[in-house]
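Any read-out appearing in this document is the output of simple, stated calculations on the displayed coordinates, not a laboratory observation. Quick caveat, the model's predicted, so the values are computed rather than measured. All Cβ positions, glycine included, derive from the backbone under ideal geometry; neighbour counts span all protein chains shown.
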């Protein structure tokens with residue numbers, strides 16, 4: 001599924017994160033997967049490649065984004 005950004009929800013609040021696609025053309029978009037097992041298998045396959053370094057982190061705050069609403 002093509003996506004142009006994401007919206008995250010927590011505690012009744014939301015944060016919208018749009019991809020910067022200005023001057024990029026109509027065909028530029030991210031991809032979204034709804035199937036957790038499929039995504040986990042993709043991550044495992046990528047991590048098995050010798051040229052891939054896997055990193056994990058947590059977002060504590062947004063420093064550049066649009067306010068919710």
Applying 1/(1 + (r/R0)^6) with R0 = 35 Å to the Cβ-Cβ distance of residue 55 and residue 26, what FRET efficiency is obtained, to the nearest 0.05? 0.65
Which order do the peptides 13-20, 49-56 come out in when sorted by mean C-beta neighbours inside 10 angstrom, highest first? 13-20, 49-56
